[in-house]
Every structure is written in structure tokens, then in C-alpha cells.
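Colleague: Pasting in a structure now, in C-alpha cells, and then I'll have a few things to ask.
Nothing in this text is a laboratory measurement; each read-out follows from the coordinates by a stated rule. Predicted, not measured: the structure shown is a model, and the values here were computed from it. Counting neighbours? That spans all protein chains shown, and the Cβs are built from the backbone with ideal geometry, glycine included.
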Amino acid sequence: EGRDIPVLKISDNAAKDENEPEVLFNCNQHAREHLTTAMCLRIINRYTDQYQNDEQVKKMVDEREIWVIPTVNPDGSEFDVESGEYQGWRKNRQDTGTDLNRNWGHKWGCCGGSDDDPNSETYRGPEKFSAPETAAIRDFVNSRVIDGQQQIKANIDFHTYSELVMWPMGYTTDEVTEGMTQEEYDRFEAVGTKMAETNGYTPQQSSALYITDGGISDWMWGEHKIFAFAFEMYPSSGGVEGFYPPDEVIEEETKRNDQAVNILLEE
Ligand code: NO5
Ligand code: CA
Ligand code: CA
Ligand code: ZN
């Protein structure tokens, strides 16, 4: 539907492309997962408002360049709320909708972790990057390759719900696979576990939940070697109402990830 996908940059000299590690946080690939949008807004507020007050925030703003995309799926997100009644909508708004987190180009459609039926909730689209949303973010991430070096070093893609910290690969239950050595896997597991110790989520390889192919983290790592995690936020379980917690939980459940976000920026 042509809505913009905003991307914010937070840094001490934001107008300059400095020689500092870049980190990307993105939220709301899935339309109904509104708590994640609040998560990205918290990251933005914390890394701006707390610059004077919080040593760690100041250090990371000074020594990193932080990119935040609060909504990857603005059309779907608007559709989910516009009637005044929640629609339980997951996908984008292209025809019957594409599941953006099955449309990324690493091992797209390879392994039974997505659907070729346009009516399915996990429809992968007619080809990789057929969704304007994934294509736009692909182009942005590709544009951060400078002199052959990807500037973005780490990423968290926020979802709801199940309270999980997940790492690649999603398309296979193998730990070691094409593009993932044991040493690399061990680092994902170590940092994922360390982050999970701070928010009380369960740390696991993405495929331990279920197999997904065409997911964002597999692409970030598989194509760019970006240290990419996906978080499933509050609540830990539930039905469709799990996507619509009351606004009273926003502060607590976004704050819950402050330390994990700090850890990824450090790493
Ligand atoms: C995600 C994760 C496996 C990343 C997905 O319930 S969710 O749809 N938020 N889970 O299936 O893409
Ligand atoms: Ca830079
Ligand atoms: Ca900086
Ligand atoms: Zn999701």
C-alpha cells in the first residue's frame, strides 16, 4: 500500500558515516505483533534520552552506530487496527498477504518451513524478496557494504510471543551447516544464553521451535555474516489474545530487554 518504512540512526555524529560497528534492531515484521513496535520505540528513547544519564548508553552511542526500524510491516500493522477491532493479521497486504519472515533470500522455500499456498499464514510469496518490505530492507542492508565490508555487525528481529532468544539457522535443525561452523554456532549459543539470562527467555536455535525457511536471521547471517538473533517477547504462551496484551505491560515487557540489547551492542 506504499507506506514508508522508517529507519532511524542513533549515533554521536549521526550525520556522519563513522568508522564504528553498526547494529540494526527491527520490529513488527508480523502485523499483529504490536508489542515489538513499542520495543523498538523504547530502544530509540533510551539511546537518545538517557545519553547524559546512563554510562552504558553514552558509550554505545559514542562507539557504535545504531539503526532502528520500528515497523517493517506498516501496511499490515495498520490493517490490523484500522477498523477498531483487532484482526489477528500476520502478513503484509500484497494480495492475500505474504509472510515477510518467509520471503528472505537465504534458502528461500527450501525445507518445508514455509507455504506455497497464498492463503496460508506462512505464504512465502511467488519468489524471494517479492515483498516490497523485505526488498527495501535487503537494499538497505546491502547498501551498508562499504569497500567490501558489511558495516552492520549484529541484529535483533523482535517478534511476539513465546519468550525466546533464537539464533540461526531456522531452515535446519543441524547446528553446523553450510555457512555455520561449530565455532560460530558456539558463539551464537553463548551470547544467546547470556542475553536470555538477563530477560528470563529460553535460549535456543530457531529451528527448535519449528523449521522456518526464508527467515530474516538466516539471511542476515547466511548472506552477510551479521550476528543475527530473533526474540519472541511476552507472553510465554496463549492464543490469539497473546498478541494483544494490555498497554499496562508495555513498560515492563520492553524494559525487560534493556540488558540484552546492551549485551548485543557490546558484542
Ligand atoms: C517467528 C519466529 C520463528 C522467528 C516466525 O510466532 S512468530 O511468527 N512470531 N515466530 O515464525 O516467523
Ligand atoms: Ca559507519
Ligand atoms: Ca557513534
Ligand atoms: Zn512474528
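Colleague: Report Rg(Cα)/(2.2 N^0.38 Å) for the range 1-73, keeping two decimals.
Modeller: Ratio of Cα Rg to 2.2 N^0.38 Å: 1.16.
Colleague: Between residue 160 and residues 5 or more places away or on another chain, which pairs have amide H atoms under 5 Å apart, with H built 1.01 Å from N, and which residues are they?
Modeller: Counting only residues 5 or more places away or on other chains, the set is 233.
Colleague: Turning to a different aspect of this structure: For the range 144-199, what are the per-bin percents of Cα-Cα distances with bins 10 Å wide, up to the bin holding the maximum?
Modeller: 19, 42, 34, 5
Colleague: So, one more: Return, for the Cα atoms of the chain, the radius of gyration and Dmax in Å, separated by a comma.
Modeller: Final numbers for Rg and Dmax: 17.4, 51 Å.
Colleague: Right, next: Just the number, please: Stokes-Einstein D of the range 53-147 in µm²/s, Kirkwood Rh from C-alpha pairs, 4 °C, 1.567 mPa s.
Modeller: Estimated diffusion coefficient is 84 µm²/s.
Colleague: Normalised radius of gyration for the range 83-194, please: alpha carbon Rg relative to 2.2 N^0.38 Å, two decimal places.
Modeller: So the range 83-194 has a normalised radius of gyration of 1.22.
Colleague: Another one. Relative contact order for the range 138-261: what is it in percent, counting Cα pairs under 8 Å that are at least 6 residues apart?
Modeller: Relative contact order, the range 138-261: 38 percent.
Colleague: Give me the lysines in straight-line cross-link reach of residue 58: C-alpha distance below 23 Å, same-chain residues under 8 apart excluded.
Modeller: Hits, sequence-local ones excluded: 9, 16, 153, 194, 255.
Colleague: Here's a follow-up. Given contacts defined as C-alpha pairs under 8 Å and at least six residues apart, what's the relative contact order of the chain, whole-number percent?
Modeller: Normalised by residue count, the contact order of the chain is 23 percent.
Colleague: Here's another thing I want to ask about it. Under 11 Å from the Cβ of residue 235, count the other residues' Cβ atoms, weight Lys and Arg +1, Asp and Glu -1, and hand me the total.
Modeller: Result for the neighbourhood of residue 235: -4.
Colleague: OK, next. Could you estimate the translational diffusion coefficient of the range 86-137 from the Stokes-Einstein equation, with Rh from the Kirkwood formula over C-alpha pairs, at 10 °C and 1.306 mPa s, in whole µm²/s? Walk me through the intermediate numbers first.
Modeller: Values: Rh = 10.9 Å.
Calculated translational D: 146 µm²/s.
Colleague: Decide, for the range 144-237, between rounded, prolate and oblate: order the square roots of the alpha carbon gyration tensor eigenvalues as a ≥ b ≥ c, take rounded if a/c falls under 1.5, and otherwise choose prolate if a/b is larger than b/c, else oblate. Could you put the intermediate results ahead of the total?
Modeller: On the way: a/c = 1.69, a/b = 1.48, b/c = 1.15.
Prolate, because a/c is 1.5 or more and a/b exceeds b/c.
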